[in-house]
Amino acid sequence: MTVRTVVLYITVVLNVVSMLSLIVGVLLHSGQGGGLSDMFGGASGAGLGSAAAEKNLNRITTVFATVWLFTVVALAFLLTN
């Protein structure tokens, strides 16, 4: 097993984990209709920490999107001959 194969497997695992986390993060955002975040936050969704939680969720989702983008580019380079 070469180093390139190990790096390829690690990159694929990071890609899949970041993709699934990105899907969950997007679904948890509160949109115009409330989204899934209202299911966990109660009926009103206007708690004391809701603005901070939404801000942190935006940051986490951005990090996962950036990781996913870099792993896609890395996979493109690793899979070319």
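Any read-out appearing in this document is the output of simple, stated calculations on the displayed coordinates, not a laboratory observation. Source: prediction; values computed, not measured.
Structure notes:
- Here the gap between SER30 and MET1, fully extended at 0.36 nm per residue and compared with their Cα-Cα distance, gives a gain of 5.9 nm.
- The slack in the chain from ALA65 to MET19, taken as 0.36 nm per residue of separation less the alpha-carbon distance, amounts to 15.8 nm.
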